[in-house]
Structures are given as C-alpha cells and as structure tokens.
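All remarks here apply to the structure that follows.
The values are calculated or read from the model by the stated rules, or taken from the named source; none is laboratory data. All of these numbers come straight from a predicted model, not from anything done at the bench. Cβ placement follows ideal geometry from the backbone for every residue including glycine, while neighbour counts extend to all protein chains displayed. Only protein heavy atoms, including side chains, enter the accessible area calculation; ligands, DNA and RNA are left aside. Shrake-Rupley method; radii C 1.70, N 1.55, O 1.52, S 1.80 Å.
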Amino acid sequence: MSLIILTSALLPAILLWLYVWKKDPQPEPVSWLIRAVIYGILICMPAATIEMFIQDTLWGGDATPSTLIDSITQAFLVAAVPEESVKLFALWLILRRNPYFDEHYDGIVYAVSVGLGFAAVENIFYVFSEEGWLSVAIGRALLAVPGHYAFAVLMGYYYSLHHFVDHSPKNALCILLVPVIAHGLYDSIAMSAQAEPLIGGLCFPALLWFCIKMHKSARSKILILIEKDRQ
C-alpha cells in the first residue's frame, strides 16, 4: 500500500517533467537535470523552516486563516514568497556555471526540474499525512502539482528572457515577481474556503479556472521560447 501511495504522490510530477523534457529541441544532459531536481528536493527543508518562522511570528503558529485578508496574506507571505524565492536561488545555483545553458528553452527545463523536485516532496508529505490519501492525491495531481509546474515555467521563461534577450531591471524583477503573484493568487483562492465556508463552493471552480489560465499561459511561453531557439 505504501508503494501505491508513493507512486500516486510522485507520478504527477514525473509526467509533467517528461512533458517539458520531451518538448526540448536539444535535450539537456540528464545528469544536469537530475542535479536540478535534487536541488529542488533539498530546498524543501529551508523553505519549510522559513514558512514556519513567518507563521509563528505573524500568526502565533495558527495555520488556519480566519478571514479573507488572512487567507491572502498567508498565501503570499507564508507560501508564495518563501517558496518561489528558494526555488529561484536553486535555479540560479544550477545555471550560474552551467555550460549547457545556451538556449532560450533551457531556462524553462531547469526551472521545471527544480520546481517539480520541490513539488514531489511536498506532495509526498501531504498524501502520506492524510487518511483519505486517494482524494488528496487526486486533488493535488489536478491542481497543486500542476500549479508548481506553471509557476516554474513562468520563472524559467523570464530567467531566459533576462539572460538571452533583455537584461532590463523589469525582466529581472519578473523572474521572481510573476511566479510569486501566480502562486499567491492560487493559494489565496485555495485558502479562502477555510476562512469563509459560505464561499467555499465558489473556490473550486475559481481555482480550476485559474489553473487552466495558468497552463495556457505556460504553454504559450514554452512555444515562444522553442520558436526563438529555431530562429
């Protein structure tokens, strides 16, 4: 049974990673991609430590938002900012002296490797910690893990744009700001149902709509960078 639960937790991240890897016109060395995934795994503990510190400092350790403002604040300050910041640090570490970082699409490939390494560990934690693991696994396979994938695509897109196309401060800021906004909005919608049960029924369709929009945006950015590499 434990193997089935583990597989259900890991499979969404593996499938999304394979999708991005297969899209690469000139695939990166597997050793470097594995290294990026490992970096994503290793940053989970620092991210959790930072999140717990912020939670304890601002809310006294109470993780349940009591108002919509609490939901939005926790979504950004406790989840989005710390997690996307450590992911960016891991991405910078893997790309700063990477001789294979020579195409626009590479930024997305490495960012997704980091992001899905992080998402896989997070997913294992959530799936194994719930008695109703199957419903958790299905829900996170449809929403949370693809969310981390989309955030990573956005980060990788702007990282490559800044590195290869335009070194402007605006693009540098977007590397972190855009995935933080996307992540914060995702978590704000997801957490609002806990604070306001009356609007809980609206949260799931809103979250589903938001995820679809994110994935359309991610797909368009993948195609844009692939086309740049073909020029």
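Data for the structure
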quantity	calculated
Qualifying residues in region 8-17 (those that are of a type in the set (A, V, I, L, M) and open to solvent by less than 60 Å² (accessible area, probe 1.4 Å)) - the one nearest to VAL145 (Cα to Cα)	ALA13
Flag for PRO169 being at pLDDT 90 or above and surrounded by fewer than 16 Cβ atoms within 10 Å (Cβ to Cβ)	yes
Flag if VAL109 is in a helix (DSSP H, G or I), modelled with pLDDT of 95 or more and under 14 Å from LEU15 (Cα atoms)	yes
Selected residue (criterion: surrounded by the fewest Cβ atoms within 10 Å (Cβ to Cβ)) from residues of region 154-165 that are of a type in the set (A, V, I, L, M) and modelled with pLDDT of 95 or more	LEU154
Which listed residue is part of a helix (DSSP H, G or I), open to solvent by 30 Å² or more (accessible area, probe 1.4 Å) and of a type in the set (A, V, I, L, M, F, W, C), from VAL86, VAL20, VAL81	VAL81
Region 179-228: number of residues that are among the charged types (D, E, K, R) and open to solvent by less than 40 Å² (accessible area, probe 1.4 Å)	2
Output for region 38-63, where each listed residue is under 19 Å from ASN123 (Cα atoms), among the hydrophobic types (A, V, I, L, M, F, W, C), open to solvent by less than 40 Å² (accessible area, probe 1.4 Å) and part of a helix (DSSP H, G or I)	CYS44, ALA47, ALA48
Which listed residue, of SER31, SER66, is surrounded by fewer than 17 Cβ atoms within 10 Å (Cβ to Cβ) and part of a helix (DSSP H, G or I)	SER31
SER71 vs. criteria closer than 29 Å to TRP133 by Cα, among the hydroxyl-bearing types (Ser, Thr, Tyr) and open to solvent by less than 30 Å² (accessible area, probe 1.4 Å)	yes
